[in-house]
1. Of the residues in segment 1-57, how many are of a type in the set (S, T, N, Q) and away from ligand 2 (no atom under 16 Å from the Cβ)?
2. If we scan segment 20-30, do we find a residue that is within 16 Å of residue 164 (Cβ to Cβ) and crowded, with 20+ Cβ neighbours inside 10 Å?
3. Would you pick out the residues in segment 388-407 that are under 18 Å from the mean Cα position of the chain (by Cα), of a type outside the set (Lys, Arg) and either closer than 24 Å to residue 224 by Cβ or in a helix (DSSP H, G or I) (or both)?
4. Please specify each residue of segment 115-149 satisfying the condition of being hydrophobic (A, V, I, L, M, F, W, C), part of a loop (DSSP other than H, G, I, E, B) and surrounded by fewer than 24 Cβ atoms within 10 Å (Cβ to Cβ).
5. Would you check if there is a residue in segment 150-161 being within 16 Å of ligand 2 (Cβ to nearest atom) and outside any strand (DSSP E or B)?
6. Looking only at residues that are assigned to a strand (DSSP E or B) and without any contact (Cβ under 8 Å) to a residue 40 or more places away in the chain in segment 178-205, which one is nearest to ligand 2 (Cβ to nearest atom)?
7. Pairs needed: first member in segment 253-266, under 15 Å from residue 186 (Cα atoms); second member anywhere, of a type in the set (Gly, Ala, Ser) and in a loop (DSSP other than H, G, I, E, B); C-beta distance under 6 Å; at least 6 residues apart or different chains.
8. Against the condition more than 15 Å from residue 190 (Cα to Cα) and at pLDDT 95 or above, how does residue 365 come out, does it pass?
Amino acid sequence: MAPLSCGLDFGTSNSTAGLPAAGGGRLVPLEGEATTLPSAIFFDFSTREVLFGREAIDAYIGHGEGRLMRAVKSVLATDLIDQDTQLDDRRISFQEVIALLLRRIKERVDLAAGSPVDAVVHGRPVHFVDDDPPADARAEAVLESIARSVGFREVSFQFEPIAAALHYEAQIDREELALIADIGGGTSDFSIVRIGPERARRADRKDDILANQGIRVGGTDLDRLLSLETVMPLLGYRSAMQRRDLTAPGSYFRDLATWSKINFLYARRVIAEIVQVRREARHPELFDRLLTVVENNLGHALALEVERGKVALSEAEATTIDLSAVEPALGARIDRADLAAAIVEPVERVAGCVRVCLDEAGLRPGAIDTVFLTGGSTLVPAIREGILATVPEARAVDGDRFGSVGLGLAIEAGRRYGQA
Ligand SMILES: Nc1ncnc2c1ncn2[C@@H]1O[C@H](COP(=O)(O)OP(=O)(O)OP(=O)(O)O)[C@@H](O)[C@H]1O
Ligand SMILES: [Mg+2]
(Lines give C-alpha, C1' and ligand atoms only; values in the text may rest on other atoms or scores of the structure.)
(Ligands and ions follow the chains in the order given, each with its own letter.)
Protein backbone atom coordinates (compact mmCIF):
# COMPACT_ATOMS: atom_id res chain seq x y z
CA MET A 1 0.00 0.00 0.00
CA ALA A 2 1.18 3.53 -0.73
CA PRO A 3 2.28 5.40 2.39
CA LEU A 4 -0.29 7.67 3.87
CA SER A 5 0.80 11.15 2.90
CA CYS A 6 -0.02 14.75 3.61
CA GLY A 7 0.87 18.27 2.59
CA LEU A 8 2.15 20.61 5.27
CA ASP A 9 2.22 24.38 4.99
CA PHE A 10 4.28 25.49 7.98
CA GLY A 11 3.75 29.25 7.75
CA THR A 12 5.39 32.17 9.47
CA SER A 13 1.99 33.22 10.85
CA ASN A 14 -0.37 30.30 10.18
CA SER A 15 0.03 26.63 9.40
CA THR A 16 -2.27 24.23 7.60
CA ALA A 17 -2.10 20.56 6.67
CA GLY A 18 -4.01 18.71 3.99
CA LEU A 19 -4.71 15.11 3.07
CA PRO A 20 -5.02 14.01 -0.57
CA ALA A 21 -8.65 13.43 -1.47
CA ALA A 22 -10.67 12.76 -4.58
CA GLY A 23 -10.87 15.94 -6.66
CA GLY A 24 -8.14 17.74 -4.71
CA GLY A 25 -7.28 17.75 -1.05
CA ARG A 26 -8.95 18.41 2.25
CA LEU A 27 -7.61 20.48 5.09
CA VAL A 28 -7.32 18.87 8.49
CA PRO A 29 -8.80 20.56 11.59
CA LEU A 30 -5.76 21.71 13.56
CA GLU A 31 -7.31 23.60 16.46
CA GLY A 32 -10.89 22.74 17.35
CA GLU A 33 -12.77 23.01 14.05
CA ALA A 34 -10.32 25.51 12.59
CA THR A 35 -8.09 24.30 9.75
CA THR A 36 -5.49 27.00 10.42
CA LEU A 37 -3.17 26.91 13.41
CA PRO A 38 -1.48 30.24 14.21
CA SER A 39 2.24 29.32 14.30
CA ALA A 40 2.46 30.47 17.91
CA ILE A 41 3.67 28.63 20.97
CA PHE A 42 3.37 29.62 24.61
CA PHE A 43 5.44 28.18 27.43
CA ASP A 44 3.42 28.72 30.58
CA PHE A 45 5.88 29.13 33.47
CA SER A 46 3.37 28.60 36.25
CA THR A 47 1.65 25.42 34.97
CA ARG A 48 4.62 24.27 32.80
CA GLU A 49 2.16 23.63 29.99
CA VAL A 50 3.05 24.19 26.34
CA LEU A 51 0.16 25.71 24.36
CA PHE A 52 -0.24 26.21 20.62
CA GLY A 53 -2.08 28.47 18.21
CA ARG A 54 -4.96 30.68 19.34
CA GLU A 55 -4.81 29.02 22.73
CA ALA A 56 -1.18 30.12 23.07
CA ILE A 57 -1.96 33.73 22.18
CA ASP A 58 -5.02 33.85 24.47
CA ALA A 59 -3.11 32.35 27.39
CA TYR A 60 -0.30 34.83 26.90
CA ILE A 61 -2.65 37.80 26.82
CA GLY A 62 -4.63 36.37 29.75
CA HIS A 63 -1.80 36.40 32.25
CA GLY A 64 1.54 36.54 30.48
CA GLU A 65 3.51 34.47 33.03
CA GLY A 66 5.54 32.71 30.42
CA ARG A 67 7.09 33.05 27.01
CA LEU A 68 5.23 33.51 23.74
CA MET A 69 6.99 32.73 20.47
CA ARG A 70 5.66 33.59 17.01
CA ALA A 71 7.17 33.68 13.52
CA VAL A 72 9.72 30.94 14.35
CA LYS A 73 9.80 29.90 10.70
CA SER A 74 11.82 33.05 9.99
CA VAL A 75 14.50 31.79 12.40
CA LEU A 76 15.30 29.06 9.82
CA ALA A 77 16.91 31.79 7.73
CA THR A 78 19.20 33.02 10.51
CA ASP A 79 22.07 31.82 12.72
CA LEU A 80 19.63 31.66 15.64
CA ILE A 81 18.45 28.30 14.30
CA ASP A 82 21.57 26.68 15.85
CA GLN A 83 21.10 28.46 19.15
CA ASP A 84 18.85 28.11 22.11
CA THR A 85 16.79 30.52 24.13
CA GLN A 86 15.90 30.93 27.78
CA LEU A 87 12.64 29.69 29.23
CA ASP A 88 11.88 29.98 32.94
CA ASP A 89 14.55 27.68 34.37
CA ARG A 90 15.76 25.87 31.28
CA ARG A 91 16.90 26.53 27.76
CA ILE A 92 15.32 25.25 24.57
CA SER A 93 16.74 25.24 21.05
CA PHE A 94 14.84 26.97 18.26
CA GLN A 95 14.87 23.65 16.37
CA GLU A 96 13.05 22.05 19.30
CA VAL A 97 10.49 24.84 19.29
CA ILE A 98 9.75 24.21 15.61
CA ALA A 99 9.65 20.46 16.29
CA LEU A 100 7.03 21.02 19.01
CA LEU A 101 4.83 22.85 16.51
CA LEU A 102 5.29 20.26 13.77
CA ARG A 103 4.69 17.39 16.18
CA ARG A 104 1.46 18.99 17.29
CA ILE A 105 0.36 19.36 13.63
CA LYS A 106 1.32 15.77 12.82
CA GLU A 107 -0.78 14.48 15.73
CA ARG A 108 -3.85 16.17 14.22
CA VAL A 109 -3.01 14.88 10.75
CA ASP A 110 -2.62 11.31 12.04
CA LEU A 111 -5.93 11.61 13.85
CA ALA A 112 -7.72 12.84 10.72
CA ALA A 113 -6.07 10.16 8.54
CA GLY A 114 -6.95 7.40 11.00
CA SER A 115 -3.36 6.13 11.20
CA PRO A 116 0.19 7.54 11.23
CA VAL A 117 1.06 9.48 8.11
CA ASP A 118 4.55 8.59 6.85
CA ALA A 119 5.16 10.93 3.97
CA VAL A 120 4.97 14.69 3.74
CA VAL A 121 5.27 17.29 1.02
CA HIS A 122 6.46 20.33 2.92
CA GLY A 123 5.83 23.77 1.54
CA ARG A 124 8.80 26.10 1.33
CA PRO A 125 9.26 29.70 0.20
CA VAL A 126 11.13 30.17 -3.07
CA HIS A 127 13.93 31.65 -0.95
CA PHE A 128 14.24 31.08 2.79
CA VAL A 129 17.28 33.35 2.56
CA ASP A 130 17.66 36.02 -0.14
CA ASP A 131 20.69 35.79 -2.48
CA ASP A 132 22.51 33.04 -0.55
CA PRO A 133 21.92 29.59 -2.08
CA PRO A 134 24.06 27.64 0.47
CA ALA A 135 22.24 29.24 3.42
CA ASP A 136 18.96 28.57 1.66
CA ALA A 137 19.80 24.89 1.16
CA ARG A 138 20.78 24.66 4.82
CA ALA A 139 17.44 26.10 5.95
CA GLU A 140 15.64 23.43 3.93
CA ALA A 141 17.91 20.69 5.30
CA VAL A 142 17.22 21.78 8.88
CA LEU A 143 13.47 21.78 8.25
CA GLU A 144 13.76 18.32 6.69
CA SER A 145 15.61 16.95 9.71
CA ILE A 146 13.01 18.45 12.05
CA ALA A 147 10.21 16.86 9.98
CA ARG A 148 12.00 13.49 10.27
CA SER A 149 12.43 13.96 14.01
CA VAL A 150 8.66 14.23 14.47
CA GLY A 151 8.03 10.96 12.62
CA PHE A 152 7.81 11.63 8.88
CA ARG A 153 9.85 8.99 7.08
CA GLU A 154 9.61 10.50 3.61
CA VAL A 155 10.05 14.23 3.32
CA SER A 156 10.02 16.26 0.14
CA PHE A 157 9.46 19.92 -0.67
CA GLN A 158 7.46 22.07 -3.03
CA PHE A 159 7.51 25.83 -3.52
CA GLU A 160 4.54 27.43 -1.78
CA PRO A 161 3.35 29.37 -4.87
CA ILE A 162 3.52 26.22 -7.02
CA ALA A 163 1.33 24.49 -4.44
CA ALA A 164 -1.15 27.38 -4.62
CA ALA A 165 -1.08 27.04 -8.43
CA LEU A 166 -2.07 23.37 -8.16
CA HIS A 167 -5.01 24.31 -5.97
CA TYR A 168 -6.11 27.01 -8.42
CA GLU A 169 -5.63 24.67 -11.37
CA ALA A 170 -8.20 22.26 -9.91
CA GLN A 171 -10.81 25.03 -10.22
CA ILE A 172 -10.39 26.17 -13.84
CA ASP A 173 -11.80 24.76 -17.04
CA ARG A 174 -9.48 26.26 -19.67
CA GLU A 175 -5.77 26.88 -20.11
CA GLU A 176 -4.26 30.02 -18.55
CA LEU A 177 -0.91 31.67 -18.07
CA ALA A 178 -1.06 32.63 -14.42
CA LEU A 179 1.04 34.67 -12.02
CA ILE A 180 0.65 33.19 -8.56
CA ALA A 181 1.25 35.75 -5.80
CA ASP A 182 1.55 34.43 -2.25
CA ILE A 183 2.29 37.13 0.31
CA GLY A 184 2.30 35.69 3.82
CA GLY A 185 3.65 36.71 7.19
CA GLY A 186 7.33 36.26 6.35
CA THR A 187 7.87 36.00 2.61
CA SER A 188 6.50 37.09 -0.77
CA ASP A 189 6.58 34.32 -3.35
CA PHE A 190 5.72 34.29 -7.04
CA SER A 191 5.45 31.69 -9.75
CA ILE A 192 4.49 32.03 -13.38
CA VAL A 193 2.83 28.85 -14.60
CA ARG A 194 0.87 27.41 -17.49
CA ILE A 195 -2.09 25.62 -16.01
CA GLY A 196 -5.24 23.97 -17.27
CA PRO A 197 -7.34 20.83 -16.96
CA GLU A 198 -5.48 18.97 -19.70
CA ARG A 199 -2.01 19.96 -18.40
CA ALA A 200 -3.02 18.92 -14.87
CA ARG A 201 -3.07 15.29 -16.02
CA ARG A 202 0.51 15.31 -17.29
CA ALA A 203 3.11 13.55 -15.17
CA ASP A 204 5.95 15.97 -15.92
CA ARG A 205 5.12 19.64 -15.34
CA LYS A 206 8.63 21.10 -15.62
CA ASP A 207 7.88 22.92 -18.85
CA ASP A 208 4.76 24.49 -17.35
CA ILE A 209 6.76 26.32 -14.68
CA LEU A 210 8.19 29.42 -16.34
CA ALA A 211 9.66 31.20 -13.31
CA ASN A 212 9.80 31.27 -9.51
CA GLN A 213 10.89 34.25 -7.43
CA GLY A 214 10.66 35.25 -3.80
CA ILE A 215 11.88 37.74 -1.22
CA ARG A 216 11.86 37.91 2.54
CA VAL A 217 9.14 40.51 2.87
CA GLY A 218 5.84 39.74 4.56
CA GLY A 219 3.13 40.85 6.92
CA THR A 220 5.43 40.91 9.94
CA ASP A 221 7.53 43.54 8.14
CA LEU A 222 4.38 45.59 7.51
CA ASP A 223 3.53 45.33 11.22
CA ARG A 224 7.00 46.53 12.17
CA LEU A 225 6.92 49.53 9.83
CA LEU A 226 3.38 50.52 10.85
CA SER A 227 4.39 50.27 14.51
CA LEU A 228 7.52 52.39 14.02
CA GLU A 229 5.58 55.11 12.22
CA THR A 230 2.44 55.28 14.34
CA VAL A 231 2.89 53.67 17.76
CA MET A 232 6.56 53.87 18.74
CA PRO A 233 6.67 57.71 18.54
CA LEU A 234 4.12 57.70 21.40
CA LEU A 235 6.68 55.75 23.45
CA GLY A 236 9.61 58.03 22.72
CA TYR A 237 10.87 56.87 19.31
CA ARG A 238 12.63 59.73 17.48
CA SER A 239 11.97 62.08 20.42
CA ALA A 240 14.52 64.68 21.49
CA MET A 241 17.08 64.30 24.25
CA GLN A 242 18.02 67.23 26.48
CA ARG A 243 21.38 67.56 24.74
CA ARG A 244 20.98 69.56 21.56
CA ASP A 245 20.59 67.64 18.30
CA LEU A 246 20.36 64.23 19.92
CA THR A 247 17.39 61.89 19.56
CA ALA A 248 16.63 58.83 21.66
CA PRO A 249 18.42 55.59 20.62
CA GLY A 250 16.21 53.74 18.12
CA SER A 251 17.23 50.16 18.88
CA TYR A 252 14.72 49.62 21.73
CA PHE A 253 11.88 50.66 19.47
CA ARG A 254 13.05 48.61 16.51
CA ASP A 255 13.27 45.52 18.73
CA LEU A 256 9.88 46.21 20.30
CA ALA A 257 8.33 46.52 16.83
CA THR A 258 9.89 43.23 15.61
CA TRP A 259 8.04 40.05 16.66
CA SER A 260 11.16 37.92 17.05
CA LYS A 261 13.09 40.52 19.09
CA ILE A 262 10.51 41.66 21.62
CA ASN A 263 11.91 39.35 24.29
CA PHE A 264 15.32 41.05 24.05
CA LEU A 265 13.83 44.07 25.83
CA TYR A 266 12.83 42.23 28.94
CA ALA A 267 16.41 41.80 30.16
CA ARG A 268 17.15 43.71 33.38
CA ARG A 269 20.14 45.40 31.80
CA VAL A 270 17.96 46.83 29.04
CA ILE A 271 15.39 48.17 31.49
CA ALA A 272 18.19 49.90 33.42
CA GLU A 273 19.42 51.47 30.18
CA ILE A 274 15.96 52.79 29.36
CA VAL A 275 15.69 54.32 32.85
CA GLN A 276 18.93 56.16 32.09
CA VAL A 277 17.68 57.36 28.68
CA ARG A 278 14.50 58.60 30.38
CA ARG A 279 16.58 60.76 32.73
CA GLU A 280 18.25 62.45 29.77
CA ALA A 281 15.13 62.78 27.63
CA ARG A 282 13.35 66.02 26.91
CA HIS A 283 9.96 64.23 27.18
CA PRO A 284 10.40 61.69 29.99
CA GLU A 285 6.65 61.05 30.07
CA LEU A 286 7.01 59.19 26.73
CA PHE A 287 9.65 56.90 28.24
CA ASP A 288 7.36 56.20 31.20
CA ARG A 289 5.12 54.51 28.65
CA LEU A 290 8.04 52.53 27.22
CA LEU A 291 8.98 51.43 30.73
CA THR A 292 5.38 50.38 31.42
CA VAL A 293 5.56 48.16 28.32
CA VAL A 294 8.87 46.49 29.15
CA GLU A 295 8.29 46.14 32.89
CA ASN A 296 4.90 44.52 32.34
CA ASN A 297 5.87 42.36 29.33
CA LEU A 298 3.34 44.13 27.12
CA GLY A 299 5.45 43.90 23.94
CA HIS A 300 3.58 41.07 22.23
CA ALA A 301 0.21 42.48 23.25
CA LEU A 302 1.24 45.77 21.66
CA ALA A 303 2.41 44.03 18.49
CA LEU A 304 -0.90 42.15 18.31
CA GLU A 305 -2.77 45.47 18.54
CA VAL A 306 -0.68 46.90 15.70
CA GLU A 307 -1.39 43.81 13.59
CA ARG A 308 -5.10 44.12 14.41
CA GLY A 309 -5.00 47.75 13.25
CA LYS A 310 -3.34 46.74 9.96
CA VAL A 311 -5.93 44.01 9.39
CA ALA A 312 -8.80 46.42 10.19
CA LEU A 313 -7.55 48.76 7.43
CA SER A 314 -8.19 46.04 4.84
CA GLU A 315 -11.91 46.65 5.47
CA ALA A 316 -12.15 50.15 6.93
CA GLU A 317 -10.67 53.49 5.84
CA ALA A 318 -9.50 54.31 9.37
CA THR A 319 -9.13 52.66 12.75
CA THR A 320 -7.58 53.14 16.18
CA ILE A 321 -4.76 51.03 17.59
CA ASP A 322 -5.79 50.50 21.19
CA LEU A 323 -2.95 51.30 23.60
CA SER A 324 -5.02 51.47 26.77
CA ALA A 325 -2.97 48.65 28.26
CA VAL A 326 -0.06 51.11 28.31
CA GLU A 327 -1.95 54.18 29.53
CA PRO A 328 -5.68 54.73 30.03
CA ALA A 329 -7.37 56.15 26.91
CA LEU A 330 -4.14 56.04 24.85
CA GLY A 331 -4.59 55.09 21.20
CA ALA A 332 -3.13 55.73 17.75
CA ARG A 333 -5.63 56.84 15.11
CA ILE A 334 -4.50 55.58 11.69
CA ASP A 335 -5.95 55.46 8.19
CA ARG A 336 -5.14 53.65 4.95
CA ALA A 337 -2.91 56.47 3.78
CA ASP A 338 -0.80 56.15 6.95
CA LEU A 339 -0.35 52.43 6.32
CA ALA A 340 0.42 52.97 2.62
CA ALA A 341 3.01 55.63 3.52
CA ALA A 342 4.66 53.37 6.10
CA ILE A 343 5.02 50.46 3.66
CA VAL A 344 6.12 52.19 0.45
CA GLU A 345 9.45 50.36 0.49
CA PRO A 346 8.12 46.78 0.88
CA VAL A 347 5.39 47.44 -1.69
CA GLU A 348 8.06 48.55 -4.15
CA ARG A 349 10.20 45.50 -3.37
CA VAL A 350 7.22 43.19 -3.95
CA ALA A 351 6.45 44.85 -7.28
CA GLY A 352 10.15 44.65 -8.22
CA CYS A 353 10.13 40.93 -7.49
CA VAL A 354 7.17 40.43 -9.85
CA ARG A 355 9.11 42.28 -12.58
CA VAL A 356 12.14 40.01 -12.04
CA CYS A 357 9.84 37.00 -12.25
CA LEU A 358 8.40 38.24 -15.57
CA ASP A 359 11.94 38.81 -16.89
CA GLU A 360 12.99 35.32 -15.85
CA ALA A 361 10.00 33.90 -17.71
CA GLY A 362 10.87 36.06 -20.74
CA LEU A 363 7.38 37.55 -20.76
CA ARG A 364 5.91 41.00 -21.16
CA PRO A 365 3.31 41.93 -18.49
CA GLY A 366 0.54 41.76 -21.11
CA ALA A 367 1.11 38.01 -21.56
CA ILE A 368 -0.23 37.14 -18.10
CA ASP A 369 -3.92 36.11 -18.17
CA THR A 370 -4.56 35.84 -14.44
CA VAL A 371 -3.08 36.89 -11.12
CA PHE A 372 -3.99 34.43 -8.38
CA LEU A 373 -3.73 36.12 -4.99
CA THR A 374 -3.17 34.12 -1.85
CA GLY A 375 -1.58 34.63 1.59
CA GLY A 376 -3.03 37.00 4.19
CA SER A 377 -0.95 40.01 3.16
CA THR A 378 -2.54 40.18 -0.31
CA LEU A 379 -5.54 41.59 1.60
CA VAL A 380 -3.55 44.77 2.34
CA PRO A 381 -4.88 47.24 -0.27
CA ALA A 382 -1.47 48.79 -1.05
CA ILE A 383 0.14 45.36 -1.54
CA ARG A 384 -2.67 44.11 -3.75
CA GLU A 385 -2.60 47.29 -5.85
CA GLY A 386 1.21 47.14 -6.07
CA ILE A 387 1.06 43.62 -7.51
CA LEU A 388 -1.83 44.27 -9.88
CA ALA A 389 -0.15 47.42 -11.21
CA THR A 390 2.73 45.31 -12.56
CA VAL A 391 0.34 43.29 -14.77
CA PRO A 392 -2.47 45.78 -15.42
CA GLU A 393 -4.21 43.74 -18.11
CA ALA A 394 -4.45 40.53 -16.07
CA ARG A 395 -7.60 39.36 -14.34
CA ALA A 396 -7.34 39.17 -10.52
CA VAL A 397 -8.56 35.99 -8.85
CA ASP A 398 -8.89 35.89 -5.08
CA GLY A 399 -7.74 32.54 -3.76
CA ASP A 400 -8.47 30.84 -0.47
CA ARG A 401 -6.16 33.25 1.40
CA PHE A 402 -5.13 30.82 4.14
CA GLY A 403 -5.89 27.45 2.54
CA SER A 404 -4.62 27.41 -1.05
CA VAL A 405 -1.04 26.42 -0.28
CA GLY A 406 -1.99 23.60 2.12
CA LEU A 407 -4.60 22.25 -0.32
CA GLY A 408 -2.13 22.36 -3.22
CA LEU A 409 0.49 20.54 -1.12
CA ALA A 410 -2.10 17.84 -0.40
CA ILE A 411 -2.71 17.43 -4.15
CA GLU A 412 1.05 17.16 -4.68
CA ALA A 413 1.34 14.60 -1.86
CA GLY A 414 -1.29 12.45 -3.55
CA ARG A 415 0.67 12.64 -6.83
CA ARG A 416 4.08 11.90 -5.33
CA TYR A 417 3.19 9.26 -2.80
CA GLY A 418 -0.20 8.01 -3.95
CA GLN A 419 -3.36 7.95 -1.93
CA ALA A 420 -3.97 5.33 0.73
N1 LIG B 1 -7.42 40.86 6.54
C2 LIG B 1 -6.10 41.03 6.51
N3 LIG B 1 -5.56 42.17 6.05
C4 LIG B 1 -4.23 42.36 6.02
N5 LIG B 1 -3.34 41.47 6.46
C6 LIG B 1 -3.82 40.31 6.92
C7 LIG B 1 -5.21 40.03 6.97
N8 LIG B 1 -5.38 38.80 7.51
C9 LIG B 1 -4.14 38.34 7.78
N10 LIG B 1 -3.20 39.24 7.43
C11 LIG B 1 -1.75 39.12 7.56
O12 LIG B 1 -1.33 38.04 6.77
C13 LIG B 1 -0.15 37.45 7.34
C14 LIG B 1 -0.34 35.97 7.46
O15 LIG B 1 -0.65 35.45 6.20
P16 LIG B 1 -0.46 33.89 5.93
O17 LIG B 1 -1.19 33.09 6.92
O18 LIG B 1 -0.77 33.69 4.50
O19 LIG B 1 1.11 33.78 6.18
P20 LIG B 1 2.00 32.48 6.38
O21 LIG B 1 1.63 31.48 5.35
O22 LIG B 1 1.94 32.06 7.78
O23 LIG B 1 3.46 33.09 6.11
P24 LIG B 1 4.59 32.69 5.06
O25 LIG B 1 3.92 32.03 3.90
O26 LIG B 1 5.23 33.99 4.69
O27 LIG B 1 5.51 31.80 5.80
C28 LIG B 1 0.03 38.10 8.71
O29 LIG B 1 1.06 39.05 8.61
C30 LIG B 1 -1.31 38.76 8.96
O31 LIG B 1 -1.21 39.94 9.75
MG1 LIG C 1 2.22 31.03 3.48
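1. Step one: list which residues in segment 1-57 are of a type in the set (S, T, N, Q), which gives 5, 12-16, 35-36, 39, 46-47.
Now drop any that are not away from ligand 2 (no atom under 16 Å from the Cβ), which leaves 5, 46-47.
So the answer is 3.
2. Yes, segment 20-30 has at least one match.
3. Residues of segment 388-407 under 18 Å from the mean Cα position of the chain (by Cα): 399-407.
Adding the requirement that they be of a type outside the set (Lys, Arg) leaves 399-400, 402-407.
Hits for segment 388-407 are 402, 404, 405, 406, 407.
4. Keep residues of segment 115-149 that are hydrophobic (A, V, I, L, M, F, W, C), which gives 117, 119-121, 126, 128-129, 135, 137, 139, 141-143, 146-147.
Of the ones still in play, those that are also part of a loop (DSSP other than H, G, I, E, B) are 117, 126, 128-129.
Those that are hydrophobic (A, V, I, L, M, F, W, C), part of a loop (DSSP other than H, G, I, E, B) and surrounded by fewer than 24 Cβ atoms within 10 Å (Cβ to Cβ): 126, 129.
5. Just the residues of segment 150-161 that are within 16 Å of ligand 2 (Cβ to nearest atom), to begin with: 157-161.
Keeping just the survivors that are outside any strand (DSSP E or B) gives 160-161.
Yes, segment 150-161 contains a residue that is within 16 Å of ligand 2 (Cβ to nearest atom) and outside any strand (DSSP E or B).
6. Initially, segment 178-205 is screened for residues assigned to a strand (DSSP E or B), giving 178-183, 188-195.
Those left that are additionally without any contact (Cβ under 8 Å) to a residue 40 or more places away in the chain: 193-195.
On the way: 193: 17, 194: 23, 195: 19 Å.
Per the criteria, the residue is 193.
7. From residues that are under 15 Å from residue 186 (Cα atoms), the pairs are 259/71; 260/71.
8. Numbers: more than 15 Å from residue 190 (Cα to Cα): no; at pLDDT 95 or above: yes.
Answer is no for this residue.
The values are calculated or read from the model by the stated rules, or taken from the named source; none is laboratory data. What you are looking at is a predicted structure, and each value in this text was computed from that prediction instead of being measured. Note that we place each Cβ from the backbone using ideal geometry, even for glycine, and neighbour counts take in every protein chain shown.
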